[in-house]
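Peer 1: Let me give you the structure first, and then I'll get to my questions.
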Amino acid sequence: MSIDSGGRVKPPKPLDLWRLPEITDISIYRIRFKRPRRFTILGKDRVISETIAFTIFTSEPFVIRALGPVLFVGDTALTVAEGEGDRRYRFLAPEPQRLKTGSPIFLAWNTSDPPRKATRFKYEPPSAVLEDQ
């Protein structure tokens, strides 16, 4: 005998792990670190005092999963990402000399040869310099 008088509970919709949010805005600036930061590039550690940062604002948070997001500037993948809020993320370009003016900006997941989601943004070298912790 069942004492549950309610109807069946609908199972939740499956989560789309490949869904990427829209980039609603982007801020590109040069950043100078008070204390140089270590980056590993192609298996070699480098200490960097200044780089270019891309702060993106998204339509929704990224899905939490094992893979992280990557921002492409043309064919240059920016894989160093820091969450700055629910829908705000900062990507760092440890090799800013590889960035080409006018390159389209894409969003993708950090996998080999990922499908890229196009945005309406293009790279323009920044003039502003910000100090970071």
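The values are calculated or read from the model by the stated rules, or taken from the named source; none is laboratory data. What you are looking at is a predicted structure, and each value in this text was computed from that prediction instead of being measured. Cβ placement follows ideal geometry from the backbone for every residue including glycine, while neighbour counts extend to all protein chains displayed.
Peer 1: Could you please give the count of residues in segment 54-89 that are small (G, A, S) and touching a Ser or Thr at 6+ places or on another chain (Cβ under 8 Å)?
Peer 2: 3
Peer 1: Tally time: how many residues in segment 40-67 are more than 12 Å from P96 (Cβ to Cβ) and surrounded by 13 or more Cβ atoms within 10 Å (Cβ to Cβ)?
Peer 2: Matching residues across segment 40-67 total 9.
Peer 1: Can you find, within segment 90-102, the residue that is modelled with the lowest pLDDT among those that are crowded, with 17+ Cβ neighbours inside 10 Å and assigned to a loop (DSSP other than H, G, I, E, B)?
Peer 2: P94
Peer 1: Within segment 103-130, how many residues are under 14 Å from the mean Cα position of the chain (by Cα), among the hydroxyl-bearing types (S, T, Y) and in a loop (DSSP other than H, G, I, E, B)?
Peer 2: Number satisfying all stated conditions: 1.
Peer 1: OK, next. Could you check, for segment 27-39, whether at least one of its residues is exposed (fewer than 11 other Cβ atoms within 10 Å of the Cβ) and modelled with pLDDT of 95 or more?
Peer 2: No, the conditions are met nowhere in segment 27-39.
Peer 1: Tally up the residues in segment 58-89 that are in contact (Cβ under 8 Å) with a residue 40 or more places away in the chain and either closer than 17 Å to R120 by Cα or part of a strand (DSSP E or B) (or both), please.
Peer 2: Residues in segment 58-89 being in contact (Cβ under 8 Å) with a residue 40 or more places away in the chain and either closer than 17 Å to R120 by Cα or part of a strand (DSSP E or B) (or both): 6 in total.
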